[in-house]
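Each remark here refers to the structure printed beneath this line.
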Amino acid sequence: MGVKRCKWSHKGGIIMQKKTDRRVRKTKSQLRKGLAHLMKEKSIGEITVKELVDEVDINRSTFYLHYSDIPTLLREIENEMMDEMKRAIHDHPIDRENDSAFSFIKDIFQVLDRNREIGCALIGPYGDIGFIHKMEDLLEENSREVLLQMFPEKSGEMNYFYSYCLNGCLGLVKTWLEDGEDKSPDYAADMTYRMVVSSVKAFYDKKEGREES
């Protein structure tokens, strides 16, 4: 009988743990959505814990069970998004010998779609420029070298070309997020891919445009 009681106690503990985990996920999801909403109107430094808990209708004590302050919450959100993007790169490494670029771009848009509200807030007027720089650095680490391998004769112009492509892609992402869910992640990924490929082909063109006209 003693063994049976121990077994049932263990099962009960697992059930309670699952319920607790669900509550934690729900609370963190509420805080994330509330923060995204507040960041549409003010910077992260202006948002107080009181404002956030009032926004999502939870107690301050519940907030402090999980986070010490607002920046800690934001760092967790950003780190989770960056980890998802890094996994996308790991799963689809950009290589001049294969056509993995579209799969990589598609995965990035799916990450952004899953985090649409907070993603829109992060790159918006009251967002975190540091997060944008992290995205830029991550993309540069995994694409710039490939472009240099593809066009070694154009290394002197690479800074301009890469800046053009990067800022164009980030602008497209910002517009897509702000437009809501009108266009799917796959649609946005396909559009981005076509624009990048078109730019790469133009960059490779030996005619050099107006210089030889």
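Tabulated data for the structure shown
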quantity	calculated
Calculated on alpha-carbon atoms, Rg and Dmax of segment 74-180 in Å	14.3, 43
Under Karplus coefficients 6.51, -1.76 and 1.60, residue-wise ³J(HN,Hα) of segment 133-146 in Hz, glycine/proline x	4, 5, 4, 4, 5, 5, 5, 5, 4, 10, 9, 4, 5, 5
Paramagnetic reach from ILE129 (point 7 Å along Cα→Cβ, amide N under 20 Å) across segment 35-52	39-47
Pair-distance profile P(r), taking every C-alpha pair of segment 2-212, with 5 angstrom steps and integer %	1, 6, 12, 15, 14, 12, 10, 9, 7, 5, 3, 2, 1, 1, 0, 0, 0, 0, 0
Note, ³J(HN,Hα) from phi for segment 105-120, Karplus 6.51, -1.76, 1.60, rounded to Hz, x at Gly and Pro	4, 4, 5, 4, 5, 5, 4, 5, 5, 5, 10, 4, 4, 6, x, 4
Segment 107-132-segment 135-205 distance, computed between alpha-carbon centres (Å)	17
Net lengthening on full extension, LYS26/THR48 (0.36 nm per residue, minus Cα-Cα)	5.9 nm
Virtual spin-label span in nm between GLU41 and ASP69, 7 Å along Cα→Cβ	2.3
MET191-LEU166 FRET efficiency (beta carbon distance; Förster radius 22 Å; 0.05 resolution)	0.85
Simple Cβ-charge dipole of segment 2-212, Lys/Arg +1 and Asp/Glu -1, about Cα centre, in debye nearest 20	1780
Gyration tensor (alpha-carbon) shape descriptor, segment 127-169, a/c threshold 1.5	prolate
Volume in Å³ per residue [convex hull over Cα atoms, computed for segment 94-155]	87
Relative contact order %, segment 25-174, counting alpha carbon pairs below 8 Å whose residues are six or more apart	25
Extension gain from THR175 to ARG116, taking 0.36 nm per residue of separation minus the Cα-Cα distance	20.1 nm
Length released on extending from ASP83 to GLU153, taking residue separation times 0.36 nm less the Cα-Cα span	21.8 nm
Listed pairs LYS40/LYS201; LYS134/LYS183; LYS40/LYS183; LYS40/LYS86 exceeding 29 Å between Cα atoms	LYS40/LYS201
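Coordinate-derived values only; no laboratory data. Keep in mind that what you see is a predicted model, and the values were worked out from it rather than measured. In this analysis, Cβ positions are derived from the backbone assuming ideal geometry, glycine residues included, and neighbour counts consider all displayed protein chains.
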